[in-house]
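Undergrad: Before anything else, here's the structure in question.
The values are calculated or read from the model by the stated rules, or taken from the named source; none is laboratory data. Being a predicted model, the structure only gives us computed values, none of them experimental. Note that we place each Cβ from the backbone using ideal geometry, even for glycine, and neighbour counts take in every protein chain shown. We work out accessible area using only protein heavy atoms, side chains counted, and drop any ligands, DNA or RNA first. Shrake-Rupley method; radii C 1.70, N 1.55, O 1.52, S 1.80 Å.
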Amino acid sequence: MRADAIRDKVAIIGMGITKFGENWNKSVDDMLIDAVYEAYADAGVETKDIEAAWLGSVVSAFTGATLAMPLKLKNMPITRVENACGTGMDALRNACFGVACGLYDIVLVAGVEKLKDSGYSGLPEFFDNPVYNLGLTAPGRWALLANKYFAKYGIKPEDGKRALAKIAVKNHHNGTFSPKAHFQREITLEQAINAPIIAWPLGLFDCCPTTDGASAAIICSADIAKNFKDDYVLVKGFGVALGTGWGKEDIDYQYDHLPETQAAGRQAYEAAGIKNPREEISVAQVHDCFSIAELTEYEALGFCDQGRAVYEVEEGAFTLEGRLPANTDGGLKAFGHPLAASGLRMCNELYLQLRGKAGPRQVKNPKFGLAMAQGGHPGYLMPVVTILGCRD
Amino acid sequence: MPAITSFGAYIPYYRLKREEIGRAWGGGAPRGEKAVANYDEDSITLAVEAGRDALHGIDRQSIGGVYFATTTSPYKEKQGAAVIASALNLKKSVFTVDFADSLRAGTNALRAAMDAVKAGSVNSVLVVASDCRLGAPGSDYEQVLGDGAVALLVGKEGSIDCVSNYTHASEIIDQWRLSDQPFVKKWEDRFVVTEGYLADVKEAVDSFMKTQNMNLKDFNKVALYAPDARGHKEASKILKLDVKTQAQDPMLDTIGNTGAAFALLILVAAMEEANAGDKLLLISYGDGCDIMSFQVKEKPLMDKEYLGVHGHLKSKNYLSNYEKYIKFRGIMDVESGRRRPPQKSSAVAIHRDRGMIYSLNSSECTSCGRAFFPPQRVCNYCQAKDQFKEVSISERKGKLFTFSKDLLASTVDPPLVVSVVNMEGNLRFFTPMTDRDPEKVEIDMSLDLTFRKMSETEGYCNYFWKCRPVR
């Protein structure tokens, strides 16, 4: 395997995202059209310029035709991708392979999810054993990790709750600078700590909302990127590591860290040529479906030492002013989580940050940005890590 | 002569104080409390638990028959005994029979088991009786009826001999339940008790004593079925039974009337306390009478894992209110908020995975020795393919590794406590925790496994195993 095989071969030249939220009056088609046409406009391309497309959707699509039909992409190679919450980012990864190998010059990637038509709170049921399926929800699954993590590192429940609440407060704050986020409002530490419990220790504000949205990217071969924009962004590398579901069946799975995420991070760093992520990553979008996910991802991705994240959060390491700003756009906490749309939304934030266009949430002189879309849940993770960088 | 080789009992974890039922409907309430099956239990799961209690230390492959007695099988058509035999991991050639429809079904099954062993058609039969009968809200029955199960292993050898039998049938419309009705009905109380129960029991006991040339006083303990506490008192008086010394406590104040299991449950309580030389008498009523006498040859030895009637009585928790009881027993549909619909079940998937689902078979890699549940064809450690043996883990204990108390999950009894359990034999099991107090769930607590109903999503019962705090 050649880890650096796609480094600097693919550029992002345009991105678009819809307003994320309870989009009662927007269908899957509407959201795809809105996101893709915004990306077209940003890149300065039209449908006729697109040679192939990848569509990510977990529960809102049937084949790539879900993209072809509203956009009238006639007789085009379109692949539908599904890898749980890592879907959108994995669609980007696969599209990059198509470009990096020289088969296509310009391709479209989109992710869409329509969750608010379901009529109930939370996520739909995914594939599971029909007999002994437990009905455990996503917050319930992450609470398995939270309880073990606190026990393992001797973190008192009130200290753990406080660190988690600080992450929620930070992301809500960052979200106030993101007009397209589901929420744009500050919350207080007290609100977050005292909110109704969903699955101890996770309270209401430790959980991201269920949201509708779509996102899109236009990518092209790096050697033609300057034809579209001067400040294009380069793809540095990816990492993907799917667990075997071993948390459920293997007594060695510890539920106090994220081994799959560590592996995906290592792959991505090698691909991007990053030796010391703590120093080299300027800005990160991590998967804060739940505050405990963001907390443990800091450790899994090497942003801080194992067992230290609670203290680093307390010191403000990951705020906009911190040493490694994380979820600068407000993350899933503020944007909500339309599953397959989230990965490209994270990349969109890196795309803005790396080009100095993130407005009031802009970090200083970023060089490398990392985004991580975490599919699955502890014991059964499928993280996708993307590293993007500024052009030379 | 057939003998009782082993016995066991199961009383659900939950109890409902009768004053709480009185509170709901106004007016007074009888003494005590009743045992209530959890929302994930039915007569089949109760019977499995009683069967497990009776089978500690016994080779399950040696059992020739399972006779399941109940008036409340979840199925009108489909055998409960076959499910029980699967969950108990018995041999394929086991003879399974359901005894149903009468309060006497339990003793009918025991009599049939004795006859089968005596006739030599099988060496041993596991008799399991259980019931979860419902009284209509506000009725006397709602106060009196309790849930419970009992098991007796009848074989050629045992510490207690089955000495003699008497039976007669009596047709009387005293209490009944039509096939489409959920609640037990009865005629006017005095008729039911005096002309039904008391008259019939007296006649049966007199006939039995005459044929055996014995006297009730010859028996050290009498396990006497009674519709309720008052009935027990009246029958004891008519039979001249010494309530203090001779009558085995019918546990009407602690469990309630457990229907087809009731007489046998009182009998097992007596056996637990019996001494060598004791003579025990069993009197069961329902559409007639069954009477059986037993001779205790030696004090029964009980396995260290045995809980029985007395052990289960001590292990309990109270349902906090009547409304929870109504919800648990499905007497009223309670809206629990808009949640995603439960995943559909598949009869095909159950059939394909029956060894895993009923017998709780894990896979043990024969190449590296690591064990997995659910069974894995490819070992997660040494990657050996199809080199494993199936091993049941249903009787193993474990410790809670981590847990989640999920309030968003759709369940009759929130929070859904999902447990990651490290089991004996270096094996991980991922399962909901039942019969638990959410406040007392903590890492490293001791757990064992219990056979439960997961759902009824396709209109049939999805059974599987959950963990619970060791009782």
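Undergrad: Could you list, ordered by first residue, the pairs with Cβ atoms under 7 Å in which the first is in the range A:1-30 and more than 29 Å from residue A:387 (Cβ to Cβ) and the second is surrounded by fewer than 22 Cβ atoms within 10 Å (Cβ to Cβ) and of a type in the set (S, T, N, Q), at least 6 apart or interchain?
TA: Once the first residue is more than 29 Å from residue A:387 (Cβ to Cβ) and sits in the range A:1-30, its partners that are surrounded by fewer than 22 Cβ atoms within 10 Å (Cβ to Cβ) and of a type in the set (S, T, N, Q) give A:28/A:66.
Undergrad: Considering only residues that are outside any strand (DSSP E or B) and in contact with a Ser or Thr (Cβ under 8 Å, 6 or more places away or on another chain), which ones fall in the range B:12-36?
TA: The answer is B:13, B:32.
Undergrad: A further question on this structure: Go through the range A:175-222 and give me each residue that's surrounded by fewer than 23 Cβ atoms within 10 Å (Cβ to Cβ) and under 24 Å from residue A:353 (Cβ atoms).
TA: Selection gives A:176, A:177, A:179, A:180, A:183, A:184, A:185, A:186, A:187, A:209, A:221, A:222.
Undergrad: Listed residues B:73, B:62, B:102; which is among the hydroxyl-bearing types (Ser, Thr, Tyr) and open to solvent by 50 Å² or more (accessible area, probe 1.4 Å)?
TA: The conditions single out B:62.
Undergrad: Give A:359, A:330 a once-over and let me know the one that is over 26 Å from residue A:244 (Cβ atoms), in contact (Cβ under 8 Å) with a residue 24 or more places away in the chain and open to solvent by 10 Å² or more (accessible area, probe 1.4 Å).
TA: A:359 is the lone residue from the list that is over 26 Å from residue A:244 (Cβ atoms), in contact (Cβ under 8 Å) with a residue 24 or more places away in the chain and open to solvent by 10 Å² or more (accessible area, probe 1.4 Å).
Undergrad: Would you mind telling me which numbered condition in (1) under 19 Å from residue A:374 (Cβ atoms); (2) of a type outside the set (S, T, N, Q); (3) in contact with a Cys (Cβ under 8 Å, 6 or more places away or on another chain) residue A:278 fails?
TA: Going through (1) under 19 Å from residue A:374 (Cβ atoms); (2) of a type outside the set (S, T, N, Q); (3) in contact with a Cys (Cβ under 8 Å, 6 or more places away or on another chain) one by one, residue A:278 breaks only (1).
Undergrad: Taking the range A:109-165 on its own, how many of its residues are in a loop (DSSP other than H, G, I, E, B) and either closer than 30 Å to residue A:15 by Cα or hydrophobic (A, V, I, L, M, F, W, C) (or both)?
TA: Qualifying residue count, the range A:109-165: 15.
Undergrad: Does residue A:148 qualify as being open to solvent by 10 Å² or more (accessible area, probe 1.4 Å) and more than 7 Å from chain B (Cβ to nearest Cβ)?
TA: Against the criterion (open to solvent by 10 Å² or more (accessible area, probe 1.4 Å) and more than 7 Å from chain B (Cβ to nearest Cβ)), residue A:148 does not qualify.
Undergrad: Can you pull out the residues in the range B:284-319 that are assigned to a loop (DSSP other than H, G, I, E, B) and under 17 Å from residue B:158 (Cα atoms)?
TA: B:297, B:298, B:299, B:300, B:301, B:302, B:303, B:306
Undergrad: Taking the stated definitions as given, is residue B:401 surrounded by 13 or more Cβ atoms within 10 Å (Cβ to Cβ) and assigned by TED's automatic domain parsing to the domain that holds residue B:443?
TA: Answer is yes for this residue.
Undergrad: Where the second residue is outside any strand (DSSP E or B) and of a type outside the set (Ser, Thr, Tyr) and the first is at positive phi and lies in the range A:80-105, which pairs have Cβ atoms under 8 Å and are six or more apart or on separate chains?
TA: So the pair list comes out as A:84/A:58; A:84/A:126; A:84/A:339.
Undergrad: Oh, and also: What are the residues in the range A:326-381 that are among the small types (Gly, Ala, Ser) and outside any helix (DSSP H, G or I), if any?
TA: A:326, A:330, A:336, A:356, A:358, A:369, A:371, A:373, A:375, A:376, A:379
Undergrad: Here is a further query. With the condition kept exactly as written, say whether any residue in the range A:248-264 is hydrophobic (A, V, I, L, M, F, W, C), open to solvent by less than 30 Å² (accessible area, probe 1.4 Å), in the same structural domain as residue A:104 (by TED's automatic domain parsing) and under 17 Å from the mean Cα position of the chain (by Cα).
TA: Within the range A:248-264 (the criterion being hydrophobic (A, V, I, L, M, F, W, C), open to solvent by less than 30 Å² (accessible area, probe 1.4 Å), in the same structural domain as residue A:104 (by TED's automatic domain parsing) and under 17 Å from the mean Cα position of the chain (by Cα)), the answer is no, since none of the residues qualifies.
Every residue, every condition in (1) open to solvent by less than 20 Å² (accessible area, probe 1.4 Å); (2) touching a Ser or Thr at 6+ places or on another chain (Cβ under 8 Å), yes or no:
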position: A:57; (1), (2): yes, yes
position: A:62; (1), (2): no, no
position: A:83; (1), (2): no, no
position: A:101; (1), (2): no, no
position: A:116; (1), (2): no, yes
position: A:125; (1), (2): no, no
position: A:134; (1), (2): no, yes
position: A:137; (1), (2): yes, no
position: A:143; (1), (2): yes, yes
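Undergrad: Collect the residues in the range B:327-349 that are part of a helix (DSSP H, G or I) and either crowded, with 16+ Cβ neighbours inside 10 Å or within 7 Å of another protein chain (Cβ to nearest Cβ) (or both), keeping them in residue-number order.
TA: Across the range B:327-349, the qualifying residues are B:327, B:328, B:349.
Undergrad: What are the residues in the range A:315-327 that are open to solvent by 10 Å² or more (accessible area, probe 1.4 Å) and either touching a residue at least 60 places away in the same chain (Cβ under 8 Å) or among the aromatic types (Phe, Trp, Tyr) (or both), if any?
TA: The answer is A:319, A:320.
Undergrad: Given the conditions (1) of a type outside the set (Asp, Glu); (2) in a strand (DSSP E or B); (3) open to solvent by 60 Å² or more (accessible area, probe 1.4 Å); (4) free of Cβ contacts under 8 Å to residues at least 40 places away in the same chain, report the number of the one that residue B:432 does not fulfil.
TA: (3)
Undergrad: Another question, if that's okay. Which of the numbered conditions does residue B:437 fail, given that it passes all the others? Conditions: (1) surrounded by 20 or more Cβ atoms within 10 Å (Cβ to Cβ); (2) over 22 Å from residue B:87 (Cα atoms); (3) more than 12 Å from chain A (Cβ to nearest Cβ).
TA: Failed condition: (1).
Undergrad: Tally the residues that are under 23 Å from residue B:433 (Cβ atoms), of a type in the set (Asp, Glu) and part of a loop (DSSP other than H, G, I, E, B), restricting the search to the range B:37-60.
TA: Matching residues across the range B:37-60 total 3.
Undergrad: Determine, yes or no, whether residue A:8 is at positive phi and crowded, with 17+ Cβ neighbours inside 10 Å.
TA: Spelling it out, residue A:8 is indeed at positive phi and crowded, with 17+ Cβ neighbours inside 10 Å.
Undergrad: Would you tally the residues in the range B:356-396 being within 36 Å of the chain's Cα centre (by Cα) and either surrounded by 15 or more Cβ atoms within 10 Å (Cβ to Cβ) or outside any loop (DSSP other than H, G, I, E, B) (or both)?
TA: Qualifying residue count, the range B:356-396: 26.
Undergrad: Go through A:138, A:110, A:163 for me and flag whichever is within 14 Å of chain B (Cβ to nearest Cβ), in contact (Cβ under 8 Å) with a residue 60 or more places away in the chain and at negative phi.
TA: Of A:138, A:110, A:163, the one residue that is within 14 Å of chain B (Cβ to nearest Cβ), in contact (Cβ under 8 Å) with a residue 60 or more places away in the chain and at negative phi is A:138.
Undergrad: Another question, then. Looking only at residues in the range B:378-410 that are without any contact (Cβ under 8 Å) to a residue 24 or more places away in the chain and over 28 Å from residue A:257 (Cβ atoms), which one is nearest to the other protein chains (Cβ to nearest Cβ)?
TA: Among those residues, the one meeting the criterion is B:385.
Undergrad: Of the residues that sit in the range B:416-429 and are more than 7 Å from chain A (Cβ to nearest Cβ) and either of a type outside the set (Val, Ile, Thr) or farther than 18 Å from residue A:247 by Cα (or both), which one is most open to solvent (accessible area, probe 1.4 Å)?
TA: Top of the filtered list is B:424.
Undergrad: Let me ask something else about it. Modelled with pLDDT of 95 or more, out of contact with any Leu (no Cβ under 8 Å at 6 or more places or on another chain) and surrounded by fewer than 24 Cβ atoms within 10 Å (Cβ to Cβ): is that true of residue A:275 in this structure?
TA: Yes: the conditions hold for residue A:275.
Undergrad: Counting residues that are open to solvent by less than 10 Å² (accessible area, probe 1.4 Å), which strands (runs of 3 or more DSSP E) fully inside the range B:115-227 reach at least 3?
TA: B:124-131, B:148-155, B:221-224
Undergrad: Check B:272, B:323 and return the single one that is assigned to a helix (DSSP H, G or I), within 18 Å of the chain's Cα centre (by Cα) and either under 15 Å from residue B:225 (Cβ atoms) or in contact (Cβ under 8 Å) with a residue 24 or more places away in the chain (or both).
TA: Of B:272, B:323, the one residue that is assigned to a helix (DSSP H, G or I), within 18 Å of the chain's Cα centre (by Cα) and either under 15 Å from residue B:225 (Cβ atoms) or in contact (Cβ under 8 Å) with a residue 24 or more places away in the chain (or both) is B:272.
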